[in-house]
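The values are calculated or read from the model by the stated rules, or taken from the named source; none is laboratory data. Being a predicted model, the structure only gives us computed values, none of them experimental. Cβ: placed from backbone, ideal geometry, glycine included. Neighbour counts: every protein chain shown. Accessible surface is based on the protein model in full, side chains and every heavy atom, while ligands, DNA and RNA are left aside. Shrake-Rupley method; radii C 1.70, N 1.55, O 1.52, S 1.80 Å.
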Amino acid sequence: MNENNNTQQENISRVLLVGVNVDDNPDFETSMEELESLAEACEMEVTAKIEQNLSSLNPAYYIGSGKVKEVQETVEQMDLDYVIFDETLSPSQLKNLQKEVGVPIMDRTNLILEIFSRRAKTREARLQVESANLQYMLPRLVGMREALGRQAGASGSMSNKGTGEKQIELDRRKIEKRISELRRELEAIEHDRNTQRKRRNDSSLPQVALVGYTNAGKSTLMNKMVETYVGKEEKMVVARDMLFATLDTTVRKINQNDRKDFLLSDTVGFISKLPHGLVKAFRSTLDEVRYADLLLQIVDASDEHYREHIQVTEETLRELGAEKIPCIYVMNKADLIMAKEELPRIDGNKIFMSARDGIGLQELLQMIKKRVFSGNREGIFLIPYEKGEIVSYLNSNATVSSQEYLAEGVKLFVDCRESDYSKYREYLFPED
């Protein structure tokens, strides 16, 4: 057992975090804390940090030239494996730092991409991450390749370019070719996803999407809903206390035996400075949000920066074109800042609750139903016996409070969607 622990410990990379506080940015410390959490999510050990105050970033090195020397010395003295910078480095900054520091350099974008690479489980997620990774690498090949100047002969389909072409140019072409292949594969998957989405839309079930900052508790809430109202363990999703535990969108049907079923989808979490390439690569997955009738923004109420997290989520929703969809703010983990007997607490479109303990689950469900079924109509229908399929449909897709068998047909007291009310209007029971 000890040997396994030692091996695991040896495999953990020791890293140095580097950040620049430009013009006393009030969010700097939060950003550095988040960078540390990202490194830990990537199974790295943060051994040291170097921070610098500047009025503007150094265009050549990101940090000042004196700090570059300090980074180099820290790496040598502490025998570190990586240096991770808090911002996205330009290709020239990456190249210059790589030359001076002597160990692999990562930036925030690179680190998030690495986490996504490790977490991707489905074929779609893996293709999306690979695409984002290659688009990140393409302009940075110079900084990433040490043997930049070596000449190489081309082979295969590239042989027409001659033997003097630089290896870097060959790499660039291979990457561009692979990006094109990935784009075609993802377009085919998106077509299948659109077909599935159309089928769900045709079912007329309202769609509710979970959104929010990463690690706020979206998957925990999804699992609690599934456990309580579906009861099938195989329908559970991965829920772990770490950043980006879930990448794949999962859709589950939630029912409570009152014919007011809805579809609940879990999506990838958002984060400050989420790389644009990732948002672009995961566009088809995140598009689930745009088709929702209601958003549940899951907020970690116990996090002192929760207001900033709400702001980041809302900025990402604007980028996706989903900012006008009605929203309920689920103030999760409220049991960490409030007494349990005070929960749940509803304040307008906010509910303070605990997804982990299931406190407030029933109240949240009622809030959801009040929103997504607000357009329901009540009506009394008289369905002829030869139209038995309509009786069957209404019993399956509406709330039938009573049913009488008369000489003319079946009399139903129904609470149904507006679309169904209009569809079967001709069968409304004549009033006296």
Self-check item: region 205-373: relative contact order as a whole-number percent, Cα under 8 Å and 6+ apart
Solution: 25 percent
Self-check item: Set of lysines with alpha-carbon distance to K67 below 21 Å, sequence-local pairs under 8 removed
Solution: K49, K95, K99
Quiz prompt | Accessible area per residue, Å², region 205-373 with all protein chains present, probe 1.4 Å | solution = 43 Å²
Quiz item: Sequence-distant or interchain residues sharing an amide H contact under 5 Å with F262, placed H: which?
Solution: I254
Quiz item: R356's amide H: which non-local residues (gap 5+, or another chain) put their own amide H closer than 5 Å, with H modeled 1.01 Å from N in plane and none for Pro or chain starts?
Solution: K333
Quiz item: Applying 1/(1 + (r/R0)^6) with R0 = 51 Å to the Cβ-Cβ distance of S396 and L336, what FRET efficiency is obtained, to the nearest 0.05?
Solution: 0.75
Quiz item: Relative to the present Cα-Cα distance, how much length would full extension add between N25 and R425 at 0.36 nm per residue of separation?
Solution: 137.9 nm
Practice problem: Please give every one of the lysines within straight-line cross-link reach of K174, meaning a C-alpha to C-alpha distance under 17 Å, and leave out same-chain neighbours fewer than 8 residues apart. | Solution: K161, K166
Self-check item: Amide H partners (placed H, <5 Å) of A292, local residues excluded
Solution: none
Quiz item: Between E45 and S92, what length comes free when the chain is fully extended (0.36 nm per residue of separation minus the Cα-Cα distance, one decimal in nm)?
Solution: 14.2 nm
Quiz item: By a straight-distance test (C-alpha under 24 Å), which lysines pair with K411 as possible cross-link partners, with residues fewer than eight away in the same chain excluded?
Solution: K260, K387, K423
Quiz prompt | Protection proxy ranking of 401-408, 258-265, 70-77 - average other beta-carbon atoms within 10 Å, highest first | solution = 258-265, 70-77, 401-408
Quiz item: Once label points are set 7 Å from the Cα along Cα→Cβ at both F413 and K99, what is their separation, rounded to one decimal in nm?
Solution: 8.3 nm
Quiz item: Ignoring ligands, DNA and RNA, what accessible area per residue does region 376-427 give at 1.4 Å, in Å²?
Solution: 55 Å²
Self-check item: Accessible surface of region 255-351, 1.4 Å probe, proportion on carbon and sulfur as whole %
Solution: 42 percent
Self-check item: Estimated FRET transfer efficiency (Q77, E304; beta-carbon r; R0 35 Å; 0.05)
Solution: 0.55
Quiz item: So what is the relative contact order of region 376-427, in percent, for Cα pairs below 8 Å that sit 6 or more residues apart?
Solution: 48 percent
Quiz item: Nearest 0.05, what FRET efficiency do I189 and T228 give at R0 = 56 Å with Cβ-Cβ as r?
Solution: 0.95
Practice problem: Determine ³J(HN,Hα), in whole Hz, for all residues of region 219-225 in sequence, where each value follows from phi through the Karplus function 6.51 cos²θ - 1.76 cosθ + 1.60 and θ = phi - 60°; x replaces Gly and Pro. | Solution: 5, 5, 5, 4, 5, 5, 5
Quiz item: Can you tell me the accessible area per residue over region 13-119, all protein chains present, probe 1.4 angstrom, in square angstrom?
Solution: 44 Å²
